[in-house]
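**Q** Quick one: this structure, given as structure tokens, is what I'll be asking you about.
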Amino acid sequence: MENNERLSTVRHSTAHVMAEAVLKLFPGSKLAIGPSIDNGFYYDFDLSRPIKEEDLAEIEKEMRRIVSGNHDFIRKEVSREEALELFKDQPYKIELIKDMPEGETLSTYEQDGFLDLCRGPHVASTKEINPQSFKLMKIAGAYWRGDIKRPMLTRIYGTAWEKPQQLKDYLNLLAEAEKRDHRKLGQDLDLFHLDSEDPGQIFWHPNGWTIYTVMKDYMRKMILKDGYKEVNTPAIMPRTLWERSGHWGHYKDLMFITESEKRMFAIKPMNCPGAIEIFKSRLRSYKDLPMRLAEFGHDVRNEPSGTLHGIMRIRGFVQDDAHIFCTEDQLGPEVAKFCKLLKNVYHDFGFDKLVVKFSTMPEDHVGDLATWERAEKQLSDACHEAGLEYELQPGEGAFYGPKLEFKLYDCLGREWQCGTIQVDYQLPSAERLDATYIGADNQKHHPIMLHRAVLGSFERFLGILIENFAGNFPAWLASQQVAMIPVSPAFNDYAEEVMGKLIDAGFRVGADLGSDNMKGKIKAAQLQKIPYMLVVGEKEKNEGTVAVRFRDGRPQQVMKLDDFMAYLKDKVDTHFVGI
């Protein structure tokens, strides 16, 4: 068995042990489902009495007692009638049994007298679960089958590993991740705040908005250099447009809808129909292709409040979106060109390890099978032409076309899906939004439309950066690059003179001219994680120098102001990931 499959099996088996322990401590509780997940497992219960965080320790204790008994996991295939009888006192299991297709094999697993409906697999015996390699993590609420109209169940999350050291390493990783939590650092560094009265929306403060605009200016420069033309489309568009594009049938529940003059409109959740409307606004020729239209489009989606998470998952966000209209011959080169752009951008932000996932046709799709097969082959070939290998994700494509997803890894080894490029024959088609161009044969043709984003959501990407750098942004991104610190008020004038020269040179600088002593000012700058602190006193004023203190604690250096400015300019111009 592959190691990841083995670990998933251990976790699934541990979930069954937890369910047994819960039933012993909470008799009369009802069982729902208990799968393995990334880094662990969970099980959903309809509990007979309320649970508290302190109960987790007792559940863990009971789990270790069960594991120590070395009980076999015994699989048995049963008929539908047998299953209904076995689980007659478990209403959630009964519902699952009744929903299973006729003829599907039903199986149960039993250990230590605990019986569960499960397709498996499981380890052979509880002795394969190390009692020092699992831990229960938290309690949460979860609607049965994800439906807010169904009962709210209690979900208990746990983590499980094969060896105790792996558990220890994982808990240390979580502790480090907690220190880097973008929500905490966002408050500490005065970047933004979130308001419970306006869920999923961000209030950007000057520090955070400065970083945000630096990112946007950087992306604007990169895409203009790469042959894109920037556009902007309306925030609100009519229902008729969304119906023709197919989004109304697939995304209506995520749209904010409004009405005016007896017509229905939706705040746009994505930008692609607007890009097509621009393409259609005048007669296009094959000589105009490829046409790369970029938009920093502000989108709004009615995400359930329970799924929101800081600035990582929100309702209002901006994508570094673009739509490329091209011919079949141009598809491969355009995908390769995009991949090069994406790798360069990620490098500048400090991410060099990438994984590419190839997502194919989902069940909920539009368009015929032949078109999908052609699109999938073209995208696959283009990916290989770009020198990239991919992992397959069957059935995970967009409803209108297959896609490549680009996943990067942060300093803690966590995976983040950010960039994407999708091949779309559907939206420009005659059946949808009917975008056409005049080909070399003087006939009308429908272009292929490539949907692509590098960062994805600016907000989410900034959240990733906050956690990756722990708020210690590289100099080119930092909201304030330099802090001027006079050793006493007598040297405020020189500090302001130096600050003025730095600002004129395009750097982001602030001066602490208050009454605090020098050590207090340095500490304040360190807490704000400012890359450079320039300490100035009588010697610096007389010699036209600055004493440079570095955020990373390296020895202080005395430099001529011009030399420091050249040093900082080089770090900014090269997008150096550090200071």
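The values are calculated or read from the model by the stated rules, or taken from the named source; none is laboratory data. As the structure is a prediction and not an experimental result, all values here were calculated from the model. Neighbour counts are summed over all protein chains in view; Cβ atoms, including those assigned to glycine, are modelled from backbone coordinates with ideal geometry. Heavy atoms of the whole protein, side chains included, go into the accessibility calculation; ligands, DNA and RNA do not. Shrake-Rupley method; radii C 1.70, N 1.55, O 1.52, S 1.80 Å.
**Q** In this structure, is G158 open to solvent by less than 80 Å² (accessible area, probe 1.4 Å), under 22 Å from L465 (Cα atoms), touching a residue at least 40 places away in the same chain (Cβ under 8 Å) and in contact with a Ser or Thr (Cβ under 9 Å, 6 or more places away or on another chain)?
**A** no
**Q** Right, another one. Could you list, in sequence order, the residues of segment 206-221 that are closer than 17 Å to N344 by Cβ and open to solvent by less than 20 Å² (accessible area, probe 1.4 Å)?
**A** Result: M215, Y218, M219.
**Q** Can you name the residue in segment 244-302 that is of a type in the set (K, R) and in a strand (DSSP E or B) and, of all such residues, is surrounded by the fewest Cβ atoms within 10 Å (Cβ to Cβ)?
**A** R263
**Q** Follow-up. So which residues in segment 1-21 are within 13 Å of S36 (Cβ to Cβ) and either at pLDDT below 95 or polar (S, T, N, Q) (or both), if there are any at all?
**A** Answer for segment 1-21, where residues must be within 13 Å of S36 (Cβ to Cβ) and either at pLDDT below 95 or polar (S, T, N, Q) (or both): N4, E5, R6, S8, T9, S13, T14.
**Q** Report the residue count in segment 1-37 for those that are within 32 Å of the chain's Cα centre (by Cα) and either acidic (D, E) or open to solvent by 50 Å² or more (accessible area, probe 1.4 Å) (or both).
**A** The number of residues fulfilling the criteria is 8.
**Q** Further question: Tell me, please, whether a residue that is more than 20 Å from C326 (Cα to Cα), in contact with a Pro (Cβ under 6 Å, 6 or more places away or on another chain), of a type outside the set (S, T, Y) and without any contact (Cβ under 8 Å) to a residue 60 or more places away in the chain can be found in segment 358-378.
**A** no
**Q** I'd like to check which strands (runs of 3 or more DSSP E) are fully inside segment 464-579 and have at least 3 residues that are surrounded by fewer than 19 Cβ atoms within 10 Å (Cβ to Cβ), of a type outside the set (S, T, Y) and free of Cβ contacts under 8 Å to residues at least 40 places away in the same chain.
**A** Qualifying strands (runs of 3 or more DSSP E): 557-560.
**Q** Could you tell me whether S13 is under 21 Å from A160 (Cα atoms), out of contact with any helix residue (DSSP H, G or I) (no Cβ under 6 Å at 6 or more places or on another chain), of a type in the set (S, T, N, Q) and in contact (Cβ under 8 Å) with a residue 40 or more places away in the chain?
**A** Here the answer is yes, as S13 does meet what is asked.
**Q** Considering segment 50-81 alone, what residues qualify as being within 19 Å of C118 (Cα to Cα), in a loop (DSSP other than H, G, I, E, B) and open to solvent by 40 Å² or more (accessible area, probe 1.4 Å)?
**A** H71, S79
**Q** Looking at segment 106-125, which of its residues are part of a strand (DSSP E or B), open to solvent by 30 Å² or more (accessible area, probe 1.4 Å) and of a type outside the set (D, E)?
**A** Passing the criteria: only L115.
**Q** Then there's this: Just for segment 364-404: of the residues that are over 24 Å from the mean Cα position of the chain (by Cα) and open to solvent by 90 Å² or more (accessible area, probe 1.4 Å), which one is modelled with the lowest pLDDT?
**A** E385
**Q** Counting just the residues of segment 305-363 that are among the acidic types (D, E), surrounded by fewer than 18 Cβ atoms within 10 Å (Cβ to Cβ) and more than 19 Å from the chain's Cα centre (by Cα), which one comes out farthest from G401 (Cα to Cα)?
**A** Per the criteria, the residue is D329.
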